[in-house]
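All remarks here apply to the structure that follows.
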Amino acid sequence: MFSLMGLKNRILVMQTDHRFKVPELLAPAGNLEKLKVAISYGANAVYLGGQKFGLRQASDNFTYDELRLGVEFAHERNALVYVVLNSFLHDKDLEELPPFVQFLEEIGVDAVIVSDLGVIKTVSEISSLPIHLSTQASCLNVESGKLWKQMGVTRLIVGREMSVKETSAIKKATGLEVEMFIHGSMCMAYSGNCVISNYTQGRDSNRGGCAHSCRFEYSFEMGENEKKNAFFMSSKDLEGVRVLPEFINEGIDSIKIEGRMKSNLYAGTVSKVYSEALKYFAQNGNFLSDDLIDWAQELTKISHRSYTDASLVHPADETSVFNERETVSEHDYVVAGNIIEVKKNAFMILEVKNAFNLGDSLELLPFQGKAISFQVLEMTDMKMNPVQRTKPSTLIKLPYFAGAEQWNIVRRKVTK
């Protein structure tokens, strides 16, 4: 894990050339609620999937009605929506694709994310939707970028094996927008080229069925009569908040957060941290070490594996392997609930996600600024009956306090 100790000594001032624009912050939206949370906490754009054609079939994903509502919510707040069509499709899949693409254009989706040439051709022939190349295509060099441009791609989501400087070189040589992952789970293989879960689970990782077999513990022989158990294929999680000056200096157009299957707390926390960092730079033109420490510390409060900057600066090596069991950290928080309604100076309605008790200490995560701690001294159900312990998927009323807004997350620190 990155050590926060000593960071201040290593980085005094992160100065950048602020002639470059601040990148777009692109957040995951596994369902309509997560879309609202991510945008409310500062994401400039979200990426999401419908019921078909994407790589996260275990995620809730969006129905047609939810897609329409999601686009409306985003556009009302000047945010963009990108829809993934990045599964590897067969002919029978392509037959079902045109009506969906036409629907996406009708509701005003801002771009589609594609990995297959046949899908690119289909989208180009029946719509004017901008096409972003999925990281599944593993674009890793200038000539590949130029070829994809000829195919009609407007943005390259480069392979995660790329550094920021290498990606910038592709941008300059092709004239295309470039997008890079900056935070979240990492794949141990080149994206789009792993078939481990096909072999171990009979689930196709390139068609939305990845079983994350690389995260499992394996036993293997070291020599005669010697065996060892290890998580030797599991990667640490990517965390690039300290590399933000490089992203900005090199003109990266969009920084992407992984995690459509992760929680509201994850979507809100990570969107808030990177959004605050980008806004800070836009106002000040630099990053001070104290700010970087605060943002990095906040990112330890969500469930995560040890962090690495992977290939963002230098090629990833053995230090990026997460060779241990995943455990609950003393820093971890869980989401207690989402505020779905606020009546100022009266009450706020919380949709409970994880149970908590009367008297517990919670934290409200505002859209801007530090978390607000409070103790639950009073709570009732919607009929005003007192509640001693909440239940998930229920609504409760809490007394209003200043700073609370609709879609705020309320979190609780995990106790071991």
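Counting only DSSP beta bridges whose two residues both lie in the chain, roughly 55 percent are antiparallel. Computed across segment 333-413, the Kirkwood radius stands at 12.3 Å (inverse of mean 1/r, all Cα pairs). On the beta carbon distance between Thr380 and Phe103, with R0 = 41 Å, the FRET formula returns roughly 0.45. For the chain, leaving out every one of the GluC sites (Glu not before Pro) that falls in a DSSP loop and has at most 10 other Cβ atoms within 10 Å, the longest unbroken run is 1-223.
Kirkwood analysis of the chain, using all unique Cα-Cα pairs, places the hydrodynamic radius at 22.6 Å. Summarising the label geometry, the points placed 7 Å from Cα in the beta-carbon direction at His314 and Lys413 lie 3.5 nm from one another. Residue separation of Gln368 and Arg68 scaled by 0.36 nm, minus their Cα-Cα distance, works out to 105.2 nm of gained length. Checked against a 22 Å cut-off, the cross-linked pairs Lys21/Lys301; Lys165/Lys370; Lys171/Lys279; Lys21/Lys272 give Cα-Cα distances beyond that limit for Lys21/Lys301; Lys165/Lys370; Lys171/Lys279.
Think of it as helices only: each DSSP H run of n ≥ 4 in the chain is worth -39500 (n - 2.57), and spread over all residues that comes to -8500 deg cm²/dmol at 222 nm. Using R0 = 45 Å, the C-beta based FRET efficiency linking Glu221 and Asn345 works out to 0.10.
Every read-out reported here was derived from the displayed coordinates using simple, explicitly stated rules and does not represent laboratory data. Please read all numbers here as calculations on a predicted model, not as lab measurements. Methodologically, a virtual Cβ is constructed for each residue, glycine included, from the backbone with ideal geometry; neighbour enumeration extends over all protein chains shown.
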